[in-house]
Amino acid sequence: MIGAADEGATLAAALRRHLTQDHQAVSWEQVRRLCTTGKVSVDEERALDPARRMRAGQRVSLNQAAPRPDRTPEGFRLVFEDAHLVVIDKPSGISSVPFDRKETGTAMDLVRGIWRRKGKRATATPLYIVHRIDKDTSGLLCFAKTRIAERGLHTIFQRHTAARAYLAVAEGDVGAMRIESDIAADRGDGIRGSTRHKDQGQHAVTFVEPLRRLKKATLCRVRLETGRTHQIRVHLSERGHPIVGETVYIRDLLRADRTPLLQGDPRNVPRLMLHAALLGFRHPVTNVALEWNAPPPADFVAVLEALGGSRDDL
């Protein structure tokens, strides 16, 4: 029970005053970890913030067996899993895989977190990377769990036999088109883009279908024949129609003295308006035809509605 001596103290400080280990004071790191891992409750409600200020009369309890809190981001879900595959619906802002060894909170980490909460040995099953979507893109993403599935999926994606469709909101009046180019990591000005030198780029083909005209933008369905890094973003931007929320491939737009749509207020465009809505292929082990659809998340729909569209357009 919090007494007058701990009135106004942080939860971590109050805990540390009352906890000992082998007759010695518990370290600050230990009490903070107790809070952040969900072991501490205040008035029977889990208290995750060690900096929370305490009031006299509050009851603090400690349960070392309490499960870790679910920190799964809103919108993240496991769409499909069997012995060989995992398919997830990834929110915008989550990396598919770690960019470096220190990066945490990636899609791979979130899959293992779900396994851990289900009582599975989270690190015993491998996750093999077979394709990726951008950090700023939401939607369907697949991992392999076995080597045989990894090899099969690599073949599927290399031969472009997987069905992949995206929903995108692009600036301007976008028409139906087939875009074909060779995309290089550096088109000559420091950013990824199309090149006339075929030996310096990767062949890329994108199909664009307009679905709904919006305020100064168009909702499109985009289908990939190939799957190059940032392919949709590069191709639409080079045709004068950068994706709403784009921050990288807008150099041509700025050179034309145009201002990106809704720029200036991050509340208007909280994300890149690109969503991987459909993924399909034959199972790499059983050969059964598989297909998944993922509706766009709430943050995508909110921007769409701000531009005059609605969920019924999707």
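The values are calculated or read from the model by the stated rules, or taken from the named source; none is laboratory data. From a predicted model like this one, the values you see are computed outputs, not experimental measurements. Heads up, the Cβs are rebuilt from the backbone with ideal geometry, glycines too, and the neighbour counts pull from every protein chain shown. SASA here: full protein model, heavy atoms, side chains in, ligands and nucleic acids out. Shrake-Rupley method; radii C 1.70, N 1.55, O 1.52, S 1.80 Å.
Take the Cβ atoms of residue 160 and residue 46, set R0 to 51 Å, and the FRET efficiency comes out at 0.60.
Here the Karplus relation 6.51 cos²θ - 1.76 cosθ + 1.60, evaluated at θ = phi - 60°, turns the backbone of region 75-86 into coupling constants of x, 7, 8, 8, 8, 7, 8, 9, 5, 10, 10, 9 Hz, with x for every Gly and Pro. As a rough guide to protection, the peptides 144-152, 236-244 ranked by mean Cβ packing within 10 Å, highest first, stand as 236-244, 144-152.
Show me the ranking of peptides 162-172, 192-202 by mean Cβ neighbours inside 10 Å, starting with the highest. All intermediate terms of the calculation are to be shown ahead of the outcome.
Values: 162-172: 22.3, 192-202: 14.9.
Averaged packing, sorted descending, gives the order 162-172, 192-202.
Largest to smallest in accessible area, the residues 228, 117 fall in the order 117, 228 (1.4 Å probe, all protein chains included). With q set to 0.16, 0.20 Å⁻¹, the log10 of I(q)/I(0) for region 1-127, from the Debye formula over equal scatterers at the Cα positions, is -0.87, -1.07.
Classify region 170-314: rounded, prolate or oblate, from the alpha-carbon gyration tensor (a ≥ b ≥ c, eigenvalue square roots; a/c under 1.5 rounded; otherwise prolate if a/b is larger than b/c)? Note, shape of region 170-314 comes out oblate. With every protein chain in place and a 1.4 angstrom probe, the accessible-area ranking of 118, 39, 135, largest first, reads 118, 135, 39.
Across all directions, the average projected area of the convex hull around the alpha carbons of region 93-219 is 11.1 nm². Among 90/145; 39/90; 102/145, which pairs are too far apart, with a Cα-Cα distance over 21 Å? Going by Cα-Cα distance, 39/90; 102/145 fall outside the 21 Å limit.
What is the Cα convex hull volume of region 111-169 when expressed per residue in Å³? Write out the running numbers ahead of the final one.
Working: hull volume 6.3 nm³, N = 59.
Cα convex hull per residue, to the nearest whole number: 108 Å³.
GNM, the chain, Cα, under 10 Å: largest mean-square fluctuation among 59, 71, 221? So, out of 59, 71, 221, the one fluctuating most is 59. Computed over the alpha carbons of the chain, Rg followed by Dmax gives 24.3, 75 Å.
Give me the distance between the Cα centres of region 55-108 and region 208-257, rounded to whole Å. For region 55-108 versus region 208-257, the Cα centre distance is 31 Å.
Of the residues 54, 273, 108, the one that moves most in a GNM of the chain with alpha-carbon contacts below 10 Å is 54. Here the scattering of region 204-259 is modelled by Debye summation over its C-alpha atoms, one equal scatterer each and no solvent; at q = 0.15, 0.28 Å⁻¹ the log10 of I(q)/I(0) is -0.44, -1.22.
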